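Engineer: Below you will find the structure I want to go over with you.
The values are calculated or read from the model by the stated rules, or taken from the named source; none is laboratory data. Source: prediction; values computed, not measured. In this analysis, Cβ positions are derived from the backbone assuming ideal geometry, glycine residues included, and neighbour counts consider all displayed protein chains. Side chains are part of the model used for accessible areas, which takes the heavy atoms of the whole protein and leaves out ligands, DNA and RNA. Shrake-Rupley method; radii C 1.70, N 1.55, O 1.52, S 1.80 Å.
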Protein chains: 2
Amino acid sequence: MSADTHAAERPLANGRTRIDFQTEPSRYRHWKLAIDGDVATLLLDVDENGTLFEGYELKLNSYDLGVDIELADAIERLRFEHPQVRVMVLRSGKPRVFCAGANIRMLAGASHAHKVNFCKFTNETRNGIEDLSENSGLQTICAINGSAAGGGYELALAADHIMLVDDGSSTVSLPELPLLAVLPGTGGLTRVADKRKVRRDHADFFCTTEEGVKGRRALDWRLVDEVVPGSKFDQAVAARAQEFAARSRRGAAGPGIALRPLSRTFTAAGVEYGSLTVEFDRKGRLATITLRGPVAPPASAEAMVALGSDFWPLALARELDDAILHIRLNELDIAAIVFKSSGDPAEVVAYDKFLDANVEHWLAREIRHLWKRVLKRVDLTSRSLVALIEPGSCFAGTLAELPFASDRAYMLAPTLPSPASGEGSARGAGDNKPPAAIALTAANFGAYPMSNGLTRLASRFLANPADLEAVKAEREKMLDAETAQRLGLITFALDDIDWDDEVRVFLEERASFSPDGLTGLEANLRFAGPETMESKIFARLTAWQNWIFQRPNATGEEGALKRYGTGQKPVFDMRRV
Amino acid sequence: MSADTHAAERPLANGRTRIDFQTEPSRYRHWKLAIDGDVATLLLDVDENGTLFEGYELKLNSYDLGVDIELADAIERLRFEHPQVRVMVLRSGKPRVFCAGANIRMLAGASHAHKVNFCKFTNETRNGIEDLSENSGLQTICAINGSAAGGGYELALAADHIMLVDDGSSTVSLPELPLLAVLPGTGGLTRVADKRKVRRDHADFFCTTEEGVKGRRALDWRLVDEVVPGSKFDQAVAARAQEFAARSRRGAAGPGIALRPLSRTFTAAGVEYGSLTVEFDRKGRLATITLRGPVAPPASAEAMVALGSDFWPLALARELDDAILHIRLNELDIAAIVFKSSGDPAEVVAYDKFLDANVEHWLAREIRHLWKRVLKRVDLTSRSLVALIEPGSCFAGTLAELPFASDRAYMLAPTLPSPASGEGSARGAGDNKPPAAIALTAANFGAYPMSNGLTRLASRFLANPADLEAVKAEREKMLDAETAQRLGLITFALDDIDWDDEVRVFLEERASFSPDGLTGLEANLRFAGPETMESKIFARLTAWQNWIFQRPNATGEEGALKRYGTGQKPVFDMRRV
């Protein structure tokens, strides 16, 4: 176990060289997904030896990132492979314990960066469970038969309905503070205060009480929705699942589609996917993600279903998600992600119109929701985000969200024709690529809200809603650099005399700044306007947790996280800040 | 300069033994307050030798906490001593520089706790400037003739109207990130994004550009409201001041009242004020603040004015504010603040009714606004807050906000009469104090919003608005412990058999927890519900800044804050988290 929270990550288990976010049910070691008609049961039965890193065991259904990667995968499969499922029951496969939360030895030995990224991903997974309920009508019942501690209860908090067995010993608890001197940082405090609206003094008591709360008090204090005697528990859970299924809005007919393994090749230089390429410039600390546009959309919804996970918008969303997660967790030295694209923007617009035309089709809806979540993942990625909009690019509609998600967008403007040659620049014309253009579609005005509840364009034009109306009027037009700059859609339009130098200087400067400063800056500037429970989790709760993860009282050699389980009491610096 | 950010604070200058928040214009070293009819000019002309701590000079109108204490004082005096003032002009008394922001050497040498508390107080002061505009109709014009950098521009951001001289060199800038690897943490990022609604890519450019932005671009990007040629600047500022004064809602007649020096005695055991006592239990790490209730209110508004700063609600608010600040900055080992009170709750109710009856009187209004701000200061104090409601206490109306602001409130219930004696407990009856009662007034339902924009009771009963209506119906009744518990106004009612042990165990346990964990927990649980710009400053921005203040890239020996001005470049760990 590393003594230094800044030290390199501990070794991955089983000779792995990177954290992989791709899995499938046949490879799960910790979860069992069972489908019975319109009810899915997701059973947590952690294999204590199936750890992501070396050096700890996942006792008592505790989890590490590897366990959560399987959970996230299972939820995606419920969306795409099992559209007939109307309710999900989360249960434990182990007696007397639902889930003990994040594994403490894993946390104690993890680098600061891994702790932060682990919390971010697990938060995203729980938000995904809530999105599944809110937007796809698939509600979750959490059936707690045993103890749900820390992250275990935080997982329960993501459910729509929490059932607790009333057996005199089963409890819910958030013992992070008294036990480990850290926060219930996977949404726990925010969901207790803002989702379940637990009264603050009750919440204070609950979150400072190691042993947790059970039975009647758990119900009275709004910590659970139902307490049920042990003898009636299974029956009550089944009945509740039937009730929830009966009133679900999820009404997909037809079979699902298979989420086939991604086409992916890792090389020293980057990662090659079917529809995108990641290239690393390690000296410049840049990752360039080039997204490739599509050819014409299919003729019908049936043809879309037949394409399945090869359907371009779905394939690209999954690949982009995987690429972003890979960079987040495995490529810590990358300062900035540069988004480029290549293809015909008119075809991207055609795909958006195809999805709009099929908005009643379950698969089209799920693809839109997936893009929404992937774009939120981009927003929340603590790397500088830059869009370079060049000739031959296709930042249109859904793909235009990437420049809007970026901290800055640069667009190459055609050089004014020289009086001598009567031609534009070599870059603009000589290489036969069409000049850079961006285009908006209806999807930019509602399909992809950020975690603050607003679209990226609404967030962008917060100062003046008339600017938003002005760009709305330009939908489905090819907008050149000058127009895009005038409308406020890009940061700078540059001609090719300035392009190379300006972009290079900017990216070099960016890579020279303190990564921590940039993380804080971007976390503040990216989310103007209103706050939601989701944005509060990533702003308030996460920021405080990250602070605490840096404090010696938690992560120092004598801190509570390090000393847990050693028999030695932690030593605290008792001064308040 | 201390090498260790956890080290003890550097010595205070001039042999001071504590930071004192009391001052008055004749003692100002950094500000000049000039009143001309309905226009006040607050001139920043920092005495570079007038530092709070040893070891640095306040060059270029840079500031430390001492400078901000004077600013906060000046603003209070504008409220109470100069009710005829309708507009405030903030200017610099130095050529070519408005303000260089927080002094970097001061920050580099300050303990983590001092940095955090310094930022909190300066944020509160700037929020106070905005409150003065929003609720008292006294608007602020910031006239920038020179450079406004970092905290200098953040001060400008608190104004209603920012005027920048257009002389080719005067700039506004937030160079914290490129220069120091920290954030513009005194509201800067939040006000840029949420108050001025600067487009995020413009904000990104602005906040990563050391040299700042001037002239036309500053205006186009919404960073200032007006740029004026140097030759016309003074004239334009004067004209704008007259315009703002003419449309001000502030319409007080009559002279102000003098804010006389607080009656205060510091002893080893605590602090004795006119209407409250602070007692330290250093072994138990507790500060007990006992507030004393009043006798009957004055007969008329004129009598209130005649009492001036001796008028009980005003005197108590000022004393409570001073006590809280003293504990925050000078008593870092205190884990919990215990609120007690003594007096007749009926008289506290009578004062609230007196203030309500005089709601049109400027002084009554300003007193209410002062209480609002003091109570917000309590909410934001990172110590555990506990109310002990005992026989003889007077937690009624305005004072009942303290139990509602507390993390927990314990109330002593009379012991059931014993069949043998026919009497209640000794504590309830034998000492002749009336049994503990709390009472609500109209003031609890609107006068004192928290930084989330809701009253403490509305925040408390977020889950069920009917509970709020139920307590509203009980206004002006004396509520015993059982009733208060049933209504959800207190955490626990305890009889005197349990009281001593339960309270003692709770306070001991509280003092044993990690102070950092408690800070994070309380910051999350105290502010359920909506967010405002103010709450975003204290949650999102402050939490990220605190995190960065712990990161070696900023505060380590090779970090940017430590190396600033040494000629050595900072060395960064370039890994992103």
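Engineer: Let me see the pair-distance distribution of segment B:456-577: every alpha carbon pair, 5 Å bin width, integer percents in order.
Structural biologist: Taking all Cα pairs of segment B:456-577, the binned fractions are 2, 8, 11, 12, 11, 14, 12, 8, 6, 5, 5, 4, 2, 0 percent.
Engineer: How many angstrom separate the Cα center of segment B:300-355 from the Cα center of segment A:186-216?
Structural biologist: 32
Engineer: Of all alpha-carbon pairs in the protein assembly as shown, indicate the percentage at a distance above 38 angstrom.
Structural biologist: Tail of the P(r) past 38 Å holds 53 percent of the pairs.
Engineer: Could you name the lysines in cross-link range of B:K340, using Cα to Cα under 23 Å and dropping any fewer than eight places away on the same chain?
Structural biologist: Here the lysines satisfying the reach criterion relative to B:K340 are B:K283, B:K353, B:K372, B:K376, B:K433, B:K477.
Engineer: Let me ask you something else. Stokes-Einstein diffusion coefficient for segment A:226-293 at 10 °C in a medium of 1.306 mPa s, Rh from the Kirkwood formula over Cα pairs: what value in µm²/s?
Structural biologist: 92
Engineer: Okay, next question. Taking R0 as 56 Å, what FRET efficiency do you get between B:T17 and A:V505 from their Cβ-Cβ distance, rounded to the nearest 0.05?
Structural biologist: For B:T17 and A:V505, the calculated efficiency is 0.65.
Engineer: Summing Lys, Arg as +1 and Asp, Glu as -1, what charge do residues with Cβ under 12 Å from the Cβ of B:M450 carry, B:M450 excluded?
Structural biologist: Residues near B:M450 contribute +4 overall.
Engineer: Moving on. Cα-based Rg (one decimal) and Dmax (whole number) for segment B:237-350, in Å?
Structural biologist: In order Rg, Dmax, the Cα atoms of segment B:237-350 give 18.8, 59 Å.
Engineer: Accessible area, 1.4 Å probe, largest first: how do B:E70, A:E482, A:E534 sort?
Structural biologist: So, going from the largest accessible area down, we get A:E482, A:E534, B:E70.
Engineer: Note down, for chain B, the three equivalent ellipsoid semi-axes (square root of 5 times each alpha carbon gyration tensor eigenvalue), biggest first, whole angstrom.
Structural biologist: After scaling each eigenvalue by five and taking roots: 42, 28, 21 Å.
Engineer: Let me check I've understood the local charge: for A:V295, count other residues with C-beta under 14 angstrom from its C-beta, Lys and Arg +1, Asp and Glu -1. What total comes out?
Structural biologist: -2
Engineer: Follow-up question, since we're still on this one. Among B:289-298, A:340-349, A:187-196, how do they line up from the highest to the lowest mean number of other beta-carbon atoms within 10 Å?
Structural biologist: A:187-196, A:340-349, B:289-298
Engineer: Also, I was wondering about something else. Considering only the protein assembly as shown, what is the antiparallel percent among its DSSP beta bridges, to the nearest 5?
Structural biologist: 35
Engineer: One quarter of the convex hull surface, Cα atoms only: what value does that give for segment B:34-79 in nm²?
Structural biologist: Averaging across all directions leaves 3.4 nm² for the Cα convex hull.
Engineer: Let me ask another. Put a dot 7 Å past each Cα toward the Cβ at B:E211 and B:Q84; how far apart are the dots in nm?
Structural biologist: If labels sit at B:Q84 and B:E211, their model points lie 4.8 nm apart.
Engineer: Further question on the same structure: From the label point of B:E502, set 7 Å along Cα to the beta carbon, how far off in nm is each other copy's matching point, shortest first?
Structural biologist: 6.8
Engineer: Let me ask you something else. Shielding of A:186-197 by partners, i.e. mean partner chain Cβ atoms within 10 Å per residue?
Structural biologist: The per-residue average across the peptide is 3.
Engineer: Could you give the nm distance between label points at A:N464 and B:E272, where each point is 7 Å from its Cα heading toward the beta carbon?
Structural biologist: 6.3
Engineer: Now for a different question. For segment B:1-112, what D do you get in µm² per second when you plug the Kirkwood radius from alpha-carbon pairs into Stokes-Einstein at 20 °C and 1.002 mPa s?
Structural biologist: 142
Engineer: When all alpha-carbon pairs of segment A:191-250 are counted, what percent fall beyond 19 Å?
Structural biologist: Tail of P(r) above 19 Å: 46 percent of Cα pairs.
Engineer: If the convex hull of the alpha-carbon atoms of segment A:147-192 is projected onto planes in all directions, what is the mean projected area in square nanometres?
Structural biologist: Reported value for the Cα convex hull: 3.3 nm².
Engineer: Run down the aspartates and glutamates and flag those whose C-alpha is under 12 Å from the C-alpha of B:K59, throwing out any fewer than 8 positions away in its chain.
Structural biologist: Partners within reach: B:D45, B:D47, B:E48.
Engineer: Per DSSP H run of n ≥ 4, the term is -39500 (n - 2.57); total these for the protein assembly as shown, divide by its residue number, and report the mean residue ellipticity at 222 nm rounded to 500 deg cm²/dmol.
Structural biologist: Counting only the DSSP helices, I get -10500 deg cm²/dmol.
Engineer: Mind giving me the nanometre distance, one decimal, between the label points for A:S169 and A:E243, set 7 Å out from Cα along Cα→Cβ?
Structural biologist: The answer from the label model is 2.8 nm.
Engineer: At 0.36 nm per residue, and after removing the present C-alpha to C-alpha distance, how many nm does the segment from B:F445 to B:T566 gain when stretched out fully?
Structural biologist: Extra length from B:F445 to B:T566 when fully extended: 38.1 nm.
Engineer: Taking 8 Å as the Cα distance limit and 6 or more residues as the minimum spacing, I'd like the relative contact order of chain B as a percentage.
Structural biologist: Relative contact order for chain B comes out at 12 percent.
Engineer: Now, a different point. For every other residue with a beta carbon closer than 13 angstrom to the beta carbon of A:A241, add +1 if it is Lys or Arg and -1 if Asp or Glu, then tell me the sum.
Structural biologist: Summing Lys and Arg as +1 and Asp and Glu as -1 gives -2.
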